[in-house]
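Below: one structure, written as structure tokens.
The values are calculated or read from the model by the stated rules, or taken from the named source; none is laboratory data. Quick caveat, the model's predicted, so the values are computed rather than measured. Cβ placement follows ideal geometry from the backbone for every residue including glycine, while neighbour counts extend to all protein chains displayed.
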Amino acid sequence: MGKLTGFKEFKRQNGSYREENERVAHWSDIYIPQDSEGIKTQAARCMDCGIPFCSSGCPLGNIIPDFNDLVYNDQWKKALQVLHTTNNFPEFTGKICPAPCESACVLGLIDDPIAIEDIELAIVERGWEEGWIKPQPPAIRTNKSIAVVGSGPSGMAAAQQLARVGHKVTLFERNEAIGGAMRFGVPDYKLPKTFIERRVEQMKAEGVIIKTSTNVGQDITADDLKNTFDAICLTGGSTEPRDLTISGRELKGIYFAMDFLPQSNRRVSDLPVKPDFDITAKGKKVVVIGGGDTGSDCIGTSLRQGASEVTQLELLPMPPKERDNSQPWPVFPRLYKTSTSHKEAMATLGHDIRLFSIGTKEFISDGNGNVSALRCVKLNWIMPEDGSRPIMEEIPDSEFLIEADLILFAMGFLHPEHTGLLDDLGVDYDPRGNVATDQSFKTSIDKVFAAGDMRRGQSLVVHAIAEGRKLAKEVDEYLMGETFLRCPE
């Protein structure tokens, strides 16, 4: 490594964020990156650890020690080449990945881990600034045509990889623009949509045909796909949200997070919103049910829309602040974390908005068909000694009310939509309702493949890109008999 004692000399330092009270007034990027010298210092902390668990902890298999060493030695262009060897879109993972690589960092056993995500983002942004990132069209075109249905990170990665080896790739998206949940779910203050647009232009220059506002299964039938393309790649995502069917669920003011967030993103991007289904948090008391990243995005979005109060409910108990015996290094742990949106809520509302171990019993009406409150109960979780699943029980006499004008469900997703394309194709489903595939990503239908959340279930952006790359490798080999595409093991 460039500086063998760097991990002893330098402490971890991350980029900063705009001040909370200021940033909730706009939708611009809240992150302030370190300068190049600061990033080089952070890269100097990378140890000569022998076995880079960071690389195995990364679903993409990023060659992290190598690009850290190159950054430390001021070889940024070569660092970008190493990074792009395994990751088509480092700016996506650099912005919104929870960094399982850092959880697996060997230095994390004794100190704060390497700031890998900051280094990754700095490398790719330097690449865009210097003009190093350019289209990579194929030297030779094959006579094979491929449909990629669904344009999230998995579909984008698969389409780009397949186009670069010469196939004619058509990427279908039912919305007006590609990007999937990155485009219509993740708020702009976390991922500006210019980050996606840069890659869209690159992909077009590489030969990817992009067809937006095209609902495959309606505008184009399953039979049309089968008759037109040599291979079909299903990369649509897990879009059926988990519901909470209790008394009062029919009241107005109760929505899924993925009804609320896309509308906000549409407004920010000046895209149309259905006038008869307009959701806003302005002036309202908002309750977010669900404690993950989507719930956090609902909080930050509600604050920017002018919510008068926000409360977040989590069914599970508060996670530990440090690793415990159930989450040993180098696994990616579930720990108590305070997101940027939680800090914004603390700054603007003056209190911690999170409540753990809370069950929702009933939604209460205002008498006119609108929700006005939730009846909740405190929970106790019993951890069986045999290591089986925790048992939930209600604490007697602990019910209480929370006033609410807007309730958002951010409890995750069940599986992809079955009605339409998937049922029309006749693909098999696994026990969880995802599209079933073999190890080659083949579905039960000839020449139809699947990857991403549609195949593995709701997951991280880094897993989606990895799935897209694996899919591309399998499809290329299926069509050509061999492949030189690289993908994670």
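Mind checking which residues of the stretch 202-230 are assigned to a helix (DSSP H, G or I), touching a Leu at 6+ places or on another chain (Cβ under 9 Å) and among the hydrophobic types (A, V, I, L, M, F, W, C)?
Residues satisfying the conditions are Met203, Ala222, Leu225.
Among the helices (runs of 4 or more DSSP H) confined wholly to the stretch 13-88, which include 3 or more residues that are surrounded by 17 or more Cβ atoms within 10 Å (Cβ to Cβ) and at pLDDT 95 or above? First the steps, then the outcome.
Values: elements: 20-23, 36-43, 53-57, 64-72, 76-86.
It comes to 36-43, 53-57, 64-72, 76-86.
All but one of (1) surrounded by fewer than 16 Cβ atoms within 10 Å (Cβ to Cβ); (2) at positive phi hold for Glu393; state the number of the condition that does not hold.
(2)
Here is a check on your reading of the model: is Val288 in contact with a helix residue (DSSP H, G or I) (Cβ under 9 Å, 6 or more places away or on another chain), surrounded by fewer than 21 Cβ atoms within 10 Å (Cβ to Cβ) and either not in a loop (DSSP other than H, G, I, E, B) or not basic (Lys, Arg) (or both)?
no
Looking at the stretch 312-350 only, could you name the residues that are free of Cβ contacts under 8 Å to residues at least 60 places away in the same chain, in a loop (DSSP other than H, G, I, E, B) and within 30 Å of Asp405 (Cα to Cα)? Write out each step before concluding.
Let us first name the residues in the stretch 312-350 that are free of Cβ contacts under 8 Å to residues at least 60 places away in the same chain, namely 312, 314, 318-328, 334-339, 341-342, 345, 349-350.
Filter once more, keeping what is in a loop (DSSP other than H, G, I, E, B): 318-328, 334-339, 350.
Residues satisfying the conditions are Met318, Pro319, Tyr336, Lys337, Thr338, Ser339, Gly350.
Hey, does the stretch 158-169 have a residue that's within 18 Å of the chain's Cα centre (by Cα), buried (at least 21 other Cβ atoms within 10 Å of the Cβ) and in a helix (DSSP H, G or I)? Full working, then the answer.
Initial filter on the stretch 158-169 (within 18 Å of the chain's Cα centre (by Cα)): 158.
Now restrict to residues that are buried (at least 21 other Cβ atoms within 10 Å of the Cβ): 158.
The next check asks that each one be in a helix (DSSP H, G or I); those that pass are 158.
Taking every residue of the stretch 158-169 in turn, at least one turns out to be within 18 Å of the chain's Cα centre (by Cα), buried (at least 21 other Cβ atoms within 10 Å of the Cβ) and in a helix (DSSP H, G or I).
Please specify each residue of the stretch 231-267 satisfying the condition of being assigned to a loop (DSSP other than H, G, I, E, B), out of contact with any helix residue (DSSP H, G or I) (no Cβ under 6 Å at 6 or more places or on another chain) and touching a residue at least 12 places away in the same chain (Cβ under 8 Å).
Kept after step one, since they are assigned to a loop (DSSP other than H, G, I, E, B), are these residues of the stretch 231-267: 235-239, 242-246, 248-251, 253.
Adding the requirement that they be out of contact with any helix residue (DSSP H, G or I) (no Cβ under 6 Å at 6 or more places or on another chain) leaves 239, 242-246, 248-251, 253.
Selection gives Thr239, Arg242, Asp243, Leu244, Ile246, Gly248, Arg249, Leu251, Gly253.
Given the conditions (1) in contact with a Phe, Trp or Tyr (Cβ under 7 Å, 6 or more places away or on another chain); (2) under 28 Å from Asp278 (Cβ atoms), and given that Thr419 satisfies all but one, which numbered condition is not satisfied?
It is condition (1) that Thr419 fails.
Evaluate the stretch 462-470: report whether one residue or more is assigned to a strand (DSSP E or B) and over 15 Å from the mean Cα position of the chain (by Cα). Before the answer, list the steps.
From the stretch 462-470, those assigned to a strand (DSSP E or B) are none; that's our starting set.
There is no residue in the stretch 462-470 that is assigned to a strand (DSSP E or B) and over 15 Å from the mean Cα position of the chain (by Cα).
Among the listed residues Gly2, Gly61, Gly57, Gly15, which satisfies the condition of being touching a residue at least 40 places away in the same chain (Cβ under 8 Å), on the phi > 0 side of the Ramachandran plot and touching a helix residue (DSSP H, G or I) at 6+ places or on another chain (Cβ under 6 Å)?
Answer to the selection: Gly61.
Which pairs have Cβ atoms under 6 Å, sit 6 or more apart or on different chains, and link a residue in the stretch 117-137 that is surrounded by 13 or more Cβ atoms within 10 Å (Cβ to Cβ) and aromatic (Phe, Trp, Tyr) to one that is modelled with pLDDT of 95 or more and part of a helix (DSSP H, G or I)?
That search, which allows pairs on different chains as well, returns Trp132/Lys77; Trp132/Leu80.
With Met454, Met480 as the choices, which residue is surrounded by 14 or more Cβ atoms within 10 Å (Cβ to Cβ) and more than 23 Å from Phe89 (Cβ to Cβ)?
Numbers: Met454 fails: more than 23 Å from Phe89 (Cβ to Cβ).
Of Met454, Met480, the one residue that is surrounded by 14 or more Cβ atoms within 10 Å (Cβ to Cβ) and more than 23 Å from Phe89 (Cβ to Cβ) is Met480.
Can you name every residue in the stretch 422-444 that is under 17 Å from Leu471 (Cβ atoms) and either hydroxyl-bearing (Ser, Thr, Tyr) or surrounded by 14 or more Cβ atoms within 10 Å (Cβ to Cβ) (or both)?
Residues satisfying the conditions are Leu422, Leu425, Val427, Asn434, Val435, Ala436, Thr437, Ser440, Phe441, Lys442, Thr443, Ser444.
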